[in-house]
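No value in this document is a laboratory result; all are computed from the given coordinates. For clarity, every value in this text was computed on a predicted model and none was experimentally measured. Cβ sites come from the backbone with ideal geometry, for glycine too, and all protein chains shown count toward neighbours.
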Amino acid sequence: MKYKYQAKNKTGEMQVGFVDAIDKDSAASILASHDLFILYLESAEKRRWYEGLASYFERVKRKDMVIFTRQLAVLLEARLPLNTALKTLYDQTNQPTLKETVYQISEDIDAGLAFSQALERHPAVFSNFFISMVRSSEVTGNLNEVAGFLADYTEKEDLLITKARSAMIYPAIVIGLFLVVATILVTVVFPQLKPVFEQSGADLPFLTKLLINSGDIAGRWWPAIALVVCIFFIIIVDYVKSPEGRAFWDELKTRLPIVSKVHVPVTITRFSNAAAILLKGGVPLAQSIEIVSQTIDNVLYQDILREVAEEIRQGVPLSEAISKYPDYFPPLVSQMLVVGESTGQLDKMFMRISTFYNREADNVINNVVDLIQPILMIGIGVMVAFLFAAVLLPIYKLTATFGSS
């Protein structure tokens with residue numbers, strides 16, 4: 001069998017490739033014999049559809065991660081050794097996948113791996129942001145503080161997503177019912193009314209003609225339409241996963257009117273929190289910014305922060321380097337950093353920036369969530385009005401014609 005792997009060599013360089021072996025253990029042995037530290041190792045054979053469905057139901061849910069992160073933070077704040085805390089979490093965790101993951105992490109740490117290296121072996125469970133923050137804490141030696149920050153951040157993220165989903169439940173039900181009704185009208189009702197309209201010779205409204213023709217096309221060509229939609233969806237997903245597509249998508253998130261109002265403050269909050277923790281731990285500024293770039297899930301911000309770190313090494317102040325990217329870092333950020341540089345309290349200023357943009361993101365999200373329902377209801381009401389107008393107007397014309405005759 002062929003196995004896909006991701007590993008690091010002795011110098012820390014990342015290697016990705018395939019290895020042929022009888023089973024997974026043999027593949028791991030082959031890689032270990034080449035002095036490779038395995039981060040990821042899975043079968044490259046195509047999985048059957050029901051195996052993918054099974055893995056979906058076995059995934060670690062966000063709620064489970066919230067509980068795990070908070071419990072880890074509490075245990076570390078109580079000064080328990082990391083491995084003791086993990087073994088305690090193993091006993092308390094009920095979710096099978098997460099329980100097995102915690103056990104493997106504990107075993108890896110016993111074998112001499114760093115916490116971040118153990119986490120890297122489970123990319124399906126722990127995000128890049130989570131792993132990068134743990135790695136930064138290993139540099140500064142303040143894992144307790146970082147664990148508390150990750151617990152707060154995970155809880156807040158879950159709260160916002162839950163709130164947004166709750167606000168979307170009712171509109172989603174209404175939209176679903178509307179689509180069902182519209183489909184029935186277009187595919188069942190209009191084809192039966194079409195002969196009546198044609199025999200009457202009445203001049204049909206444009207909207208009625210459009211729906212009748214749409215029903216005819218959908219009835220005759222629905223397999224081809226479904227195939228085209230599926231192919232289009234696959235192409236879009238494949239493109240977004242490519243480096244070029246990811247860069248385009250990340251750029252789009254910083255440009256779209258409503259999305260950018262949320263994405264930019266959230267990204268700056270992540271950046272500021274991580275930078276404050278690193279600077280407080282005594283990590284040099286340029287190195288801190290370089291490490292922070294790994295915690296951001298936007299490739300554009302990653303490239304910008306790496307360039308900023310390089311400019312800092314050349315003697316350029318952080319505020320000046322940041323100010324060169326006003327589309328990604330609002331002027332307020334560089335202005336507050338100027339104050340932090342002049343007072344020698346950059347770490348505290350980063351925390352203030354984080355607090356400010358965290359509140360801004362909260363306000364935007366709350367406003368958007370509050371506006372979603374009324375806007376959707378108005379839009380659905382307009383669509384329903386047009387749909388029923390397309391049915392009732394020609395019927396009214398027919399009734400008026402028969403009444404006058």
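Answer rounded, prolate or oblate for the chain, using the Cα gyration tensor with square roots of eigenvalues a ≥ b ≥ c: rounded when a/c is under 1.5, else prolate when a/b is larger than b/c, else oblate. Can you show the working numbers first?
Numbers: a/c = 2.46, a/b = 1.72, b/c = 1.43.
Prolate.
Mind checking the alpha-carbon convex hull of region 138-249 and giving the volume per residue in Å³?
Values: hull volume 19.4 nm³, N = 112.
Normalising the Cα hull of region 138-249 by residue number yields 173 Å³.
To the nearest 0.05, how large is the calculated FRET efficiency for VAL16 and ALA389 if R₀ is 60 Å and r is the Cβ-Cβ distance?
Values: r = 57 Å, r/R0 = 0.95.
After rounding, the FRET efficiency stands at 0.55.
How high is the FRET efficiency from VAL189 to ALA247, r the C-beta distance, R0 45 Å, rounded to 0.05?
About 0.45, to the nearest 0.05.
Could you work out the per residue convex hull volume over the alpha carbons of region 252-361, in cubic angstrom?
Numbers: hull volume 9.2 nm³, N = 110.
It comes to 84 Å³ per residue, whole-number rounded.
Based on the alpha-carbon gyration tensor of region 61-155 and its eigenvalue square roots a ≥ b ≥ c, which shape applies: rounded if a/c is under 1.5, prolate if not and a/b is larger than b/c, or oblate?
Details: a/c = 1.19, a/b = 1.09, b/c = 1.10.
Rounded, since a/c falls under 1.5.
What do you get for the angle between helix 346-404 and the principal long axis of the chain? Use alpha-carbon atoms, 0 to 90 degrees, nearest ten.
So the helix axis and the longest Cα principal axis differ by about 10 degrees.
May I ask you to list the aspartates and glutamates whose Cα is less than 15 Å away from that of LYS2, ignoring any residue fewer than eight positions away on the same chain?
ASP20, ASP23, ASP25, GLU42, GLU45
In degrees between 0 and 90, to the nearest 10, how far off the longest principal axis of the chain does helix 331-343 point, with axes built from Cα atoms?
Approximately 10 degrees, to the nearest ten.
Take the alpha carbon gyration tensor of region 266-319, find the square roots of its eigenvalues, order them as a ≥ b ≥ c, and report rounded if a/c is under 1.5; if not, report prolate when a/b exceeds b/c, else oblate. Before the final figure, lay out each step's value.
On the way: a/c = 1.93, a/b = 1.12, b/c = 1.72.
It is oblate, given that a/c is not under 1.5 and a/b is not larger than b/c.
Using DSSP to define loop residues, name the chymotrypsin sites (Phe, Trp or Tyr not before Pro) in region 187-231 whose beta-carbon has at most 13 other beta-carbon atoms within 10 Å.
Numbers: sites: PHE197, PHE206, TRP221; in loops: none.
In loop regions of region 187-231 (DSSP not H, G, I, E or B), there are no sparsely surrounded chymotrypsin sites (Phe, Trp or Tyr not before Pro).
Counting only C-alpha contacts under 8 Å and six or more residues apart, can you give the relative contact order of the chain as a whole percent?
14 percent.
Per DSSP H run of n ≥ 4, the term is -39500 (n - 2.57); total these for the chain, divide by its residue number, and report the mean residue ellipticity at 222 nm rounded to 500 deg cm²/dmol. Spell out each step's value before the answer.
Values: 17 runs with 305 residues, N = 405.
One gets -25500 deg cm²/dmol as the mean residue ellipticity at 222 nm.
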